[in-house]
């Protein structure tokens, strides 16, 4: 097959801003997306969505979207999602950390009586980890800096969607000779699925985890935790839990790490909590 396949492709990169990290508890407040082909970005989409609940100040510190801005310019969830679905048409969608965005889209579409479309999706985070293993970090902000991509304000949906699309293009161009036919492309980009195949399931022990950590979050308490990260590296930290996050049917606790003066996501499934009242706890 010739290389006309890639030259004739159009993709959509998408990003969401939300009121928090839990799709069962928090809401989409902004959707940004860009259409692009091998030549670059050819169309843009951005919409604010009015949430049912006020935006938490901690979330607002990240995306800088005020309640006043949402009240004045935001549309209903139904209108926002319908406009987004019209924009993406049948093109493959590129996310950075797809399970996060798909979890919110699945839950939000269910709320308005819709389901995820059959579009294929790719995950930039997965592709970076798989094909560029020597990169020090695979976060969106790190890849922006590494690839010298400047699309404006970080943590705004359109800016992050543009960056996501341009990062995907860098992968395409880097490996172009290996993926310049339909068959080669599908084989190389192994992580592709239909959005409609994505399943959103509440982890079976979520109620217990939520009850325990909500108490700590409310009291702004600290607790000692042992855990291993995705690479198998072991850590022992004193943390202040900030927020629960769920994606890919796994629970993470966004935490302030006392020893490092930094914030990290800790996987609950590999963690042992050392509570000074309850002793060692594994969920």
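Would you confirm, using the coordinates I've provided, whether residue 183 is over 23 Å from the mean Cα position of the chain (by Cα), closer than 30 Å to residue 92 by Cα, assigned by TED's automatic domain parsing to the domain that holds residue 109 and free of Cβ contacts under 8 Å to residues at least 60 places away in the same chain? In short, no. Only residues that are in contact with a helix residue (DSSP H, G or I) (Cβ under 9 Å, 6 or more places away or on another chain), buried (at least 18 other Cβ atoms within 10 Å of the Cβ) and either over 24 Å from residue 42 (Cβ atoms) or in contact (Cβ under 8 Å) with a residue 40 or more places away in the chain (or both) were counted across segment 150-162, and they come to 3.
In summary, residue 186 fulfils each of the numbered conditions (1) surrounded by 21 or more Cβ atoms within 10 Å (Cβ to Cβ); (2) at pLDDT below 95; (3) in contact with a strand residue (DSSP E or B) (Cβ under 8 Å, 6 or more places away or on another chain) with the single exception of condition (1). Taking segment 75-168 as the region of interest, the helices (runs of 4 or more DSSP H) fully inside it that hold 1 or more residues being modelled with pLDDT under 95 are 98-111, 124-131, 140-146.
No other residue among 131, 175, 126 is surrounded by 13 or more Cβ atoms within 10 Å (Cβ to Cβ) and in contact (Cβ under 8 Å) with a residue 60 or more places away in the chain apart from 126.
Comparison of 213, 206, 168 shows that the only residue that is buried (at least 19 other Cβ atoms within 10 Å of the Cβ), under 18 Å from residue 246 (Cβ atoms), in contact with a strand residue (DSSP E or B) (Cβ under 8 Å, 6 or more places away or on another chain) and touching a residue at least 40 places away in the same chain (Cβ under 8 Å) is 213.
Here residue 245 clears all of (1) closer than 22 Å to residue 97 by Cβ; (2) surrounded by 15 or more Cβ atoms within 10 Å (Cβ to Cβ); (3) touching a residue at least 40 places away in the same chain (Cβ under 8 Å); (4) in the same structural domain as residue 10 (by TED's automatic domain parsing) except the condition numbered (4). Quick check: is even one residue across segment 45-52 closer than 23 Å to residue 172 by Cα, touching a helix residue (DSSP H, G or I) at 6+ places or on another chain (Cβ under 7 Å), in contact (Cβ under 8 Å) with a residue 40 or more places away in the chain and in a loop (DSSP other than H, G, I, E, B)? No, segment 45-52 contains no residue that is closer than 23 Å to residue 172 by Cα, touching a helix residue (DSSP H, G or I) at 6+ places or on another chain (Cβ under 7 Å), in contact (Cβ under 8 Å) with a residue 40 or more places away in the chain and in a loop (DSSP other than H, G, I, E, B).
Residue by residue, here is whether (1) free of Cβ contacts under 8 Å to residues at least 60 places away in the same chain; (2) over 26 Å from residue 250 (Cβ atoms); (3) in contact with a strand residue (DSSP E or B) (Cβ under 8 Å, 6 or more places away or on another chain) holds:
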residue: 90; (1), (2), (3): yes, yes, no
residue: 97; (1), (2), (3): no, no, yes
residue: 106; (1), (2), (3): no, no, no
residue: 111; (1), (2), (3): yes, no, no
residue: 147; (1), (2), (3): yes, yes, no
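Residues of segment 201-249 that are at pLDDT 85 or above, under 23 Å from residue 105 (Cβ atoms) and touching a helix residue (DSSP H, G or I) at 6+ places or on another chain (Cβ under 9 Å): 243, 244. If you go through segment 7-44 and pick out every residue that is in contact with a strand residue (DSSP E or B) (Cβ under 9 Å, 6 or more places away or on another chain), outside any loop (DSSP other than H, G, I, E, B) and surrounded by fewer than 18 Cβ atoms within 10 Å (Cβ to Cβ), you end up with 6.
If the condition is being touching a residue at least 40 places away in the same chain (Cβ under 8 Å) and either surrounded by fewer than 18 Cβ atoms within 10 Å (Cβ to Cβ) or not assigned by TED's automatic domain parsing to the domain that holds residue 108 (or both), then segment 64-82 contributes only 64.
Considering (1) modelled with pLDDT of 95 or more; (2) outside any strand (DSSP E or B), the lone condition that residue 60 does not fulfil carries the number (1).
The values are calculated or read from the model by the stated rules, or taken from the named source; none is laboratory data. These numbers come from a predicted model, not from an experiment. As a convention, Cβ positions derive from the backbone with ideal geometry for all residues, glycine included, and neighbour counts pool all protein chains shown.
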